[in-house]
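Written below as structure tokens is the structure these notes are about.
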Amino acid sequence: MKIISSFIELDTGEGISLHDIMPDIKLAVAKSGIKNGFVTVTSQHTTTAITINEYEERLLDDVKTFLTSLIPPNNSYLHNDIALRDCPEDEPENAHSHLAAMLLGSSEVIALAEGVLVLGQYQSVMLYELDGPRKRQVSVQVYGEE
Amino acid sequence: MKIISSFIELDTGEGISLHDIMPDIKLAVAKSGIKNGFVTVTSQHTTTAITINEYEERLLDDVKTFLTSLIPPNNSYLHNDIALRDCPEDEPENAHSHLAAMLLGSSEVIALAEGVLVLGQYQSVMLYELDGPRKRQVSVQVYGEE
Amino acid sequence: MKIISSFIELDTGEGISLHDIMPDIKLAVAKSGIKNGFVTVTSQHTTTAITINEYEERLLDDVKTFLTSLIPPNNSYLHNDIALRDCPEDEPENAHSHLAAMLLGSSEVIALAEGVLVLGQYQSVMLYELDGPRKRQVSVQVYGEE
């Protein structure tokens, strides 16, 4: 089995933003030369998520509205009492971002058959930034045979 | 490493419905001849999810009640203004289904040891239909050695 | 491809509790001798979840508060009418735990490169107990090459 590791790096938007990383994943697959196998996509951060869904502009706004209402940033969270924690003073108050990341999930695994990711017509793999803007990394590892 | 690709096809129920796909996955594993490795199960749609939990009739009704209350279908969503999007006029108004799919997740990965899926007694892999009824496909790929 | 199967066993806390299983996963990886490949981590229960996030004490309390508010244990759930189900009389009333498990997810997959799990600085793999205390098992399977 051949294994090719890579990282996608991206600069994200303010607060909650959704980023289509399908082009980067397809490029990593093409470069790997692997035709049959699978791909693991894993976020490298605790306030981002990896989700497969439709990359449609108006739906992306619905996601922001929904998450903000489900987990209000201004609620009271223990994690946000920065002074009471053993961490730098300029640590962000982002408990809501952690909670959203837990619900959305940090990894996805996608089958690869004859060089093509086995996904439906409207499915994109997306990075969900939940506490931006930041520089972010996503691990993309391709496994299989040429 | 041997890799065997297949799809489960099923007709789903009205609105939200949950479908036990364990028998189909076990059949795919048996047909593959693979004894040790793993299985990836990935939804091919943006308004379905793959989840591992207990397939218990009354719990399934609780899921429908919970999701409908958490993400009300009749709330106002930008994705549902079909006329403002670049898409066919008969596109369904299903933003709530997309949001539920994101929370529940699109893929699971299960270890395979001595021909048996490594899962607990009450765990079933299920397709969650979130905008039915429709014809749906699930990718099941089995990897490993005989 | 080498495949090494193991289970983590642990005794969990009352109600909702979060358990850092990173040390156990790292041990399983070290024992396997596998340097490049990946690891699947799959819960063996329907009222626990596997999630990757920051193991920070005050955030863990926020998780408990959030989940209890999102899915109140004392709401009315069909699954909790034990007498109406085909199951032992002493079955726990834990519909809320199942619903939380579905949202949080049962499996994660993590790339392994040069003997190190490909995760960010603050990421820990955790077992979320949602209906404790209990004895629990987590499947950890390591795949790849030495």
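The values are calculated or read from the model by the stated rules, or taken from the named source; none is laboratory data. Only a predicted model underlies this, so the values are computations on that prediction, with no experimental measurement involved. No Cβ is skipped: glycine too gets one built from the backbone with ideal geometry, and neighbour counts run over all protein chains shown. Each accessible area value is taken on the protein alone, full model and side chains, heavy atoms only, with ligands, DNA and RNA left out. Shrake-Rupley method; radii C 1.70, N 1.55, O 1.52, S 1.80 Å.
For the range B:7-30, state whether one or more residues are of a type in the set (Ser, Thr, Tyr), assigned to a strand (DSSP E or B), farther than 29 Å from A:THR42 by Cβ and in contact (Cβ under 8 Å) with a residue 40 or more places away in the chain.
yes
Would you say C:ILE16 is crowded, with 22+ Cβ neighbours inside 10 Å, closer than 26 Å to B:ILE110 by Cα and modelled with pLDDT of 95 or more?
Spelling it out, C:ILE16 is indeed crowded, with 22+ Cβ neighbours inside 10 Å, closer than 26 Å to B:ILE110 by Cα and modelled with pLDDT of 95 or more.
In the set A:VAL41, A:VAL29, A:VAL63, which member is away from chain C (no Cβ under 14 Å) and closer than 24 Å to B:LEU99 by Cβ? I'd like the intermediate steps shown before the answer.
Details: A:VAL41 fails: away from chain C (no Cβ under 14 Å); A:VAL29 fails: closer than 24 Å to B:LEU99 by Cβ.
Being away from chain C (no Cβ under 14 Å) and closer than 24 Å to B:LEU99 by Cβ holds for just one of A:VAL41, A:VAL29, A:VAL63, which is A:VAL63.
Quick one: B:SER107 ticks every box in (1) at pLDDT 95 or above; (2) at negative phi; (3) open to solvent by 10 Å² or more (accessible area, probe 1.4 Å) bar one, so which box is it?
Of everything listed in (1) at pLDDT 95 or above; (2) at negative phi; (3) open to solvent by 10 Å² or more (accessible area, probe 1.4 Å), B:SER107 misses just condition (1).
Looking at B:ARG134, B:ARG85 in this structure, which one is at pLDDT below 95, over 28 Å from A:HIS98 (Cα atoms), surrounded by fewer than 23 Cβ atoms within 10 Å (Cβ to Cβ) and over 12 Å from the mean Cα position of the chain (by Cα)? Steps first, please.
Numbers: B:ARG134 fails: at pLDDT below 95.
Unique residue meeting the criteria: B:ARG85.
Which residues, counting only those in the range A:67-77, are surrounded by 17 or more Cβ atoms within 10 Å (Cβ to Cβ) and more than 30 Å from B:GLU91 (Cα to Cα)?
Answer for the range A:67-77, where residues must be surrounded by 17 or more Cβ atoms within 10 Å (Cβ to Cβ) and more than 30 Å from B:GLU91 (Cα to Cα): A:PRO73, A:TYR77.
If you scan the range A:31-45, which residues turn out to be of a type in the set (S, T, N, Q) and either within 11 Å of the chain's Cα centre (by Cα) or in a helix (DSSP H, G or I) (or both)?
A:SER32, A:THR42, A:SER43, A:GLN44 - these are the residues of the range A:31-45 that are of a type in the set (S, T, N, Q) and either within 11 Å of the chain's Cα centre (by Cα) or in a helix (DSSP H, G or I) (or both).
Out of C:LYS64, C:LYS35, C:LYS2, C:LYS26, report the one residue that is at pLDDT below 95 and open to solvent by 20 Å² or more (accessible area, probe 1.4 Å).
Residue meeting the stated conditions: C:LYS2.
Of the residues that sit in the range B:115-130 and are in a strand (DSSP E or B) and of a type in the set (Ser, Thr, Tyr), which one is farthest from B:LYS26 (Cα to Cα)?
If we filter the range B:115-130 for residues that are in a strand (DSSP E or B), which is where we start, we get B:116-117, B:124-130.
Retained after the next criterion (residues that are of a type in the set (Ser, Thr, Tyr)): B:124, B:128.
Details: B:SER124: 11, B:TYR128: 18 Å.
For the range B:115-130, the residue satisfying everything is B:TYR128.
Being more than 9 Å from every other protein chain (Cβ to nearest Cβ) and in contact (Cβ under 8 Å) with a residue 60 or more places away in the chain: is that true of A:VAL138 here? Please lay out each step first, then the result.
Numbers: more than 9 Å from every other protein chain (Cβ to nearest Cβ): yes; in contact (Cβ under 8 Å) with a residue 60 or more places away in the chain: yes.
In short, yes.
If A:LEU112 passes every condition in (1) modelled with pLDDT of 95 or more; (2) open to solvent by 10 Å² or more (accessible area, probe 1.4 Å); (3) not in a helix (DSSP H, G or I) but one, which one does it miss?
Every listed condition holds for A:LEU112 apart from (2).
Looking at the range C:85-108, which of its residues are within 7 Å of another protein chain (Cβ to nearest Cβ) and more than 16 Å from B:THR51 (Cβ to Cβ)?
The answer is C:ARG85, and nothing else.
Applying the selection to the range B:44-59, what residues are more than 14 Å from chain A (Cβ to nearest Cβ) and open to solvent by 20 Å² or more (accessible area, probe 1.4 Å)?
Result: B:GLU54, B:TYR55, B:GLU56, B:GLU57, B:ARG58.
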